[in-house]
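What follows is one structure encoded as structure tokens, with my remarks underneath.
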Amino acid sequence: MDMIKIGLIGLGTIGTGVAKTLLENESLIEDRLGFSLSLKAIADLDIEKDRGVNIPRGMLTTNTSLLIDDPEIDIIVELIGGTEPARTFIINALKKGKHVVTANKALLATHGKELFDAAQTYGKDLYYEAAVGGGIPIIKTLREALIANNYTFIYGILNGTCNFILTEMSEKGSTFQEALAKAKELGYAESDPTLDIEGIDAAHKLALVTSLAYGVPPDMHSVYVEGITNIDSLDVTFAHELGYKLKLLALAIDRGDKVEARVHPTLVPVNYLLAKVDGVFNAFYVRGDIVDSTLFYGRGAGMMPTASAVVSDLADIGRNIRAGIAGRIPHLGYRKGSSVPKSYMPIDDIYTNYYIRINAMDRPGVLAKIAGILGDRDISIVSVIQKGREDLDFVPVVLLTHEARESNVKSAIVAISAMEEVSGTPVVLRVEDKKLKNKTA
Ligand code: HSE
């Protein structure tokens, strides 16, 4: 039979989903491709565990080399995650003349250049649709479907765990800790949720999206990251009163010879489509200069949605193999050396709108003093609400600003924190609202 043979390394959640898809939908896939994607072998440390899928016993091994060295295997799927030994497995598979499919965003966001260079050196494909947005085909979209466009910006909700927590805080009035506990109970958050709640998982994905969109190397360390661990339910409530929802937004923005890449909690107007992306769902709002606005929505994680993306890569590579080609589509969307050189903009240089909550004494002149500190730094106020309570010494004062420079906001916060009429450090959140853009009064 006409077939492409596949070796799967890692039979965890996604690996099991891939095995299930390939075994159960084999004939459908064959009808569409005209050849079959045939799972030949699976390597995992634990081959005794019942995965709930009817995998032939002879297909399983604990020895990864048996797959990488097998001359019959055309494509290796790496689904073990982490840096090592995943990196070595991928390099070795490429060296052995195999194409590779991975879902390993952390690895690609930190060692992407080395791995894509290796794929090019050995004339093989390294595909990674499942690394970003789970079942949403965003890599294919940015690299192929929207190839005609300059990307004005891409806004993403890229982490389901954080989106679930923020949705719970917004809809149920939960605290961050309560919402995190529920995310763990429902199996959305890992027992150690650090990568998710500190924004690191979203930053890994944004590093790849930024690279695909703008031709910069994927560089996790150039992405500005702030997670959601310090979000106070008070700010979720105030944001709502101002007409905003709080989302962990991942932003890639074209700024001419610079590109902004940042992940942080962001106030998004409640009437934006992205504000309506709730629970564990992910979404990408992509604005291209030719296509205008597009929105992609779906499950960003989970066994079967992620398996769907892995199998789409297998199908693409299978078609390339059948056509006798590799490297038909550049891994990061640009032919080597042909991209316009852009650099990442340091966070201190960005201009955006800010929400600032200050715990201040309810006394004459306090607001004037705060306004003076902001005005001295070219920060103009759009609106102020004071949530006054007569029995309290300090009351929350919430400000929205016009677009201001991040470094000026930081300096203002230091000065405001030092005021004797202010208690603690003000809360600062960025706002993404087109109604507030370019209107510095
Ligand atoms: N843990 C991620 C999330 C999925 O919560 O969206 C894998 O990147």
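The values are calculated or read from the model by the stated rules, or taken from the named source; none is laboratory data. Nothing here was measured: the structure is a model prediction, and the numbers come from that model. So basically every Cβ, Gly included, is an ideal-geometry build from the backbone, and we count neighbours across all protein chains shown.
Of the helices (runs of 4 or more DSSP H) entirely within the stretch 4-114, those holding at least 1 residues that are within 30 Å of Asp196 (Cβ to Cβ) occupy 13-24, 64-68, 86-95. Here Lys205 clears all of (1) within 14 Å of the ligand (Cβ to nearest atom); (2) of a type outside the set (Phe, Trp, Tyr); (3) over 18 Å from Phe281 (Cβ atoms) except the condition numbered (3). Check the stretch 54-64 and report whether any residue there is among the polar types (S, T, N, Q), loosely packed, with under 10 Cβ neighbours inside 10 Å and over 18 Å from Leu79 (Cα atoms). Checked the stretch 54-64: at least one residue is among the polar types (S, T, N, Q), loosely packed, with under 10 Cβ neighbours inside 10 Å and over 18 Å from Leu79 (Cα atoms).
Scanning the stretch 318-328 for residues that are charged (D, E, K, R) and within 29 Å of the chain's Cα centre (by Cα) turns up at least one hit.
The set of residues in the stretch 163-185 being away from the ligand (no atom under 16 Å from the Cβ), surrounded by fewer than 20 Cβ atoms within 10 Å (Cβ to Cβ) and not in a loop (DSSP other than H, G, I, E, B) consists of Glu171, Lys172, Gln177, Glu178.
The sole residue among Ser411, Ser407, Ser423, Ser417 that is touching a Phe, Trp or Tyr at 6+ places or on another chain (Cβ under 6 Å), hydroxyl-bearing (Ser, Thr, Tyr) and either over 25 Å from Asn271 (Cβ atoms) or assigned by TED's automatic domain parsing to the domain that holds Asn271 (or both) is Ser423. Within the stretch 129-162, restricting attention to residues that are assigned to a loop (DSSP other than H, G, I, E, B) and more than 12 Å from the ligand (Cβ to nearest atom), the residue that is nearest to Ala275 (Cα to Cα) is Pro137.
Checked against the criteria, Lys105 does not count as modelled with pLDDT under 95 and within 26 Å of the chain's Cα centre (by Cα). Working only within the stretch 284-310, note down all residues that are touching a residue at least 12 places away in the same chain (Cβ under 8 Å) and either within 12 Å of the ligand (Cβ to nearest atom) or charged (D, E, K, R) (or both). Answer for the stretch 284-310, where residues must be touching a residue at least 12 places away in the same chain (Cβ under 8 Å) and either within 12 Å of the ligand (Cβ to nearest atom) or charged (D, E, K, R) (or both): Arg287, Asp289, Gly298, Arg299, Gly300, Ala301, Gly302, Met303, Pro305, Thr306, Ala309. Screening Ala189 with (1) in the same structural domain as Thr266 (by TED's automatic domain parsing); (2) away from the ligand (no atom under 11 Å from the Cβ); (3) small (Gly, Ala, Ser) gives one miss only, at (2). Glu226 fulfils the conditions (1) surrounded by fewer than 23 Cβ atoms within 10 Å (Cβ to Cβ); (2) under 12 Å from the mean Cα position of the chain (by Cα) except for a single criterion, (2).
Here is a yes/no grid of residues against (1) loosely packed, with under 14 Cβ neighbours inside 10 Å; (2) within 30 Å of Thr102 (Cβ to Cβ):
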position	(1), (2)
Arg328	yes, yes
Asp349	yes, no
Arg363	yes, no
Leu367	no, no
Leu374	no, no
Ile379	no, no
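Here is a yes/no grid of residues against (1) modelled with pLDDT under 95; (2) on the phi > 0 side of the Ramachandran plot; (3) surrounded by fewer than 19 Cβ atoms within 10 Å (Cβ to Cβ); (4) among the basic types (Lys, Arg):
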position	(1), (2), (3), (4)
Asp2	yes, no, yes, no
Gly7	no, no, no, no
Gly15	no, no, no, no
Asp31	no, no, yes, no
Leu37	no, no, no, no
Ala41	no, no, no, no
Leu45	no, no, yes, no
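Condition test on Leu234, is it exposed (fewer than 15 other Cβ atoms within 10 Å of the Cβ), among the aliphatic types (A, V, I, L, M) and away from the ligand (no atom under 12 Å from the Cβ)? Against the criterion (exposed (fewer than 15 other Cβ atoms within 10 Å of the Cβ), among the aliphatic types (A, V, I, L, M) and away from the ligand (no atom under 12 Å from the Cβ)), Leu234 qualifies.
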